[in-house]
Amino acid sequence: MKRNRSKSVKMFKYSGIAFLVLITSFIGFGVTSDDLEAANEPEKVEATASKEDSKDESKEEKAIPESAEKVEANKKAKADADAKKDADKLAAEKKYYLTDVKPKVDTMMSLYDKAWNELWKPTFEGLGTTVDVYTAYGNMKQLEQRYDSLYKTIGSIDGSGLSKENEEKFNEFITNMKNAAMWRGEAAEKARKMFDEGNYSPSKFDKVKTDVSYADNEMMLAILALTTLEMSLGVDRDE
């Protein structure tokens, strides 16, 4: 009985110790598992955050080209609108020039040449044959008056409806053409005095020819300014 009882006590002790070890191991396993899960948790969070960042980056990368395309589209739309505005403005300016300015300019230029062809050329070509000194004097007096009148009329042409740059070029044309008319008027006056006095010395002729040369130079400058103006407006005189 004692042996059996002693064995029973030993068995009980061993069983209790084993049970305690089992309980301790289980608790330890639980703690270790929790620690492992806790240790792995940041990795999961980091992985999730990494995925979210990748998604955000992907969205940003996709948004950038779309934004750039939109900017380019807006730029093109603005450029097209500005181009149309400029084209409409140029068309209106050209219409104004063709309607209100060019007819008057053409008339003045026509009168400038007409007076010369009708009075100056026939006088000097026929002088001493078909044209006497009295006729020559009368022609020069008439020519002087016509250029004086033309000088005043040219300055009355209004180009204020043109753009600033084109108006400046137009005013340059007006100034040069007025000077051309003035110098031809001066040449006619000197020729009239020459016929009146009967002094046909070479020096007198030289002074007359010098004034004619000044007039031609001024007219060339006037035509250059007018041509530049009309080119900027798209006016073709050959049409």
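The slack between LYS89 and ASP196, meaning 0.36 nm per residue of separation minus the straight C-alpha distance, is 32.9 nm.
For the residues TYR134, TYR96, a 1.4 Å probe over the protein chains yields an accessible-area ranking, largest first, of TYR134, TYR96. Note on THR210: accessible area approximately 60 square angstrom, rounded to 10, probe 1.4 Å, nucleic acids and ligands left out. Heavy-atom surface analysis with a 1.4 Å probe gives segment 76-149 a carbon and sulfur content of 56 percent of its accessible area.
Spin-label model, ASP113 to ALA79: label points 7 Å out along the Cα-to-beta-carbon direction sit 4.4 nm apart.
Distance from the alpha carbon centroid of segment 99-157 to that of segment 202-239 works out to 15 angstrom.
If you sort ARG237, ARG184, ARG192 by accessible surface, 1.4 Å probe, largest first, the order is ARG237, ARG192, ARG184. Working from label points 7 Å from Cα in the Cα-to-Cβ sense, the ASN217 to SER156 distance is 3.1 nm. At q = 0.14, 0.15 Å⁻¹ the log10 of I(q)/I(0) for segment 132-239 amounts to -0.64, -0.70, computed by Debye summation with a single uniform scatterer per C-alpha, solvent ignored. The slack in the chain from ASP132 to GLN145, taken as 0.36 nm per residue of separation less the alpha-carbon distance, amounts to 2.6 nm.
The values are calculated or read from the model by the stated rules, or taken from the named source; none is laboratory data. Nothing here was measured: the structure is a model prediction, and the numbers come from that model. Heads up, the Cβs are rebuilt from the backbone with ideal geometry, glycines too, and the neighbour counts pull from every protein chain shown. Just so you know, the surface numbers come from the protein's heavy atoms only, side chains and all, with ligands and any DNA or RNA stripped out. Shrake-Rupley method; radii C 1.70, N 1.55, O 1.52, S 1.80 Å.
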